[in-house]
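One structure is given below, encoded as structure tokens.
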Amino acid sequence: MSCGTCSIGTLTNPGGNYVGVRLADAEDGKMTIVLAGEVQLKKGERIIVEIDQGPEFAEVVTTDPLLAKPCSTKKARRLLRLASDSEFADFVERLELQDRAFLFAARRITELDLPVKLAKCAVGFDRRKILIIYSSEERASLRDLVRETSDEFHLRVEAKLVGVRDETKLMGGIGPCGLTLCCSTWLRGFHPVTIKMAKLQGITPNPAKLTGMCGRLKCCIAYELEGGIEGARRLGSRGPDKKPAPAPPQTPAS
């Protein structure tokens, strides 16, 4: 079944040993699906999983994850092994390194008067590189910042520019709905969002109510419209829901 035909989502866990994990230092409870195979995992266990960049530390948060779409299982990560005590200790040290790098970079950005906003300093599983993630509305050279950070921590340092939506996704937060942000929990990609989408749903185009924490139109405007159109299509295809056609007039018997 393709993603175009399951936009609302109808499946729960279809079987197979899938678990939900919190990957590395994921914010706001973002859950990643992992295929555990024959290994029976328990909530709270620490594991090493395979991601696009290589191995990564994770912690099991549920052994009965909700798989909202059939394609969820295709995107599941692979379990490599249970994490050892030394790997957990290394993970804690890596988080401390990230925090120290963030504080150092934030201080130097202020001192160098750079027109950028620091989002995060990320350190990979192998601890060979520090990635400075930032956003900026104008061109800025981070050459000095990268060099000084590398000299301070004796590691290779790279700087990565991201948009305001990606910045909010990294930092997380609570939306006006009272829930954790969709982008920092379950939303995998960003949809194009327009005011017209809000009007089609009968929402008053009030910028104060339609703007998310990133300063852009809320992502939910796009996928709620998609779900509404799909729901209307499904309801419209059911015969009993349609009004019956009027009966032809009866000709009086002569």
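In table form, for the structure just shown:
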{"quantity": "Under 5 Å, built H, 5+ apart or other chain: amide partners of Val61", "calculated": "Gly20, Val21, Arg22, Gly44"}
{"quantity": "Given Lys43/Lys169; Lys74/Lys120; Lys196/Lys218; Lys75/Lys117; Lys117/Lys160; Lys117/Lys169, the pairs whose alpha carbons are separated by over 21 Å", "calculated": "Lys43/Lys169; Lys74/Lys120; Lys75/Lys117"}
{"quantity": "Sequence ranges 121-131, 45-55, ranked by mean other-Cβ count within 10 angstrom, highest first", "calculated": "121-131, 45-55"}
{"quantity": "For the stretch 47-123: relative contact order, % (alpha-carbon pairs under 8 angstrom, 6 or more apart)", "calculated": "29 percent"}
{"quantity": "Sparse-neighbour loop sites [GluC sites (Glu not before Pro); the stretch 132-205; at most 16 other C-beta within 10 Å; DSSP]", "calculated": "Glu137, Glu138"}
{"quantity": "Backbone HN-Hα couplings from phi across the stretch 123-135 [Karplus 6.51/-1.76/1.60, Hz, Gly and Pro as x]", "calculated": "10, x, 4, 8, 6, 9, 8, 10, 9, 8, 9, 8, 10"}
{"quantity": "Solvent-accessible area, 1.4 Å probe, carbon plus sulfur percent, for the stretch 94-186", "calculated": "51 percent"}
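The values are calculated or read from the model by the stated rules, or taken from the named source; none is laboratory data. Bear in mind that the values here come from a model prediction, so they are computed numbers and not experimental data. Note that we place each Cβ from the backbone using ideal geometry, even for glycine, and neighbour counts take in every protein chain shown. The protein model used for the area step is the full one, side chains on, heavy atoms only, and it has no ligands, DNA or RNA in it. Shrake-Rupley method; radii C 1.70, N 1.55, O 1.52, S 1.80 Å.
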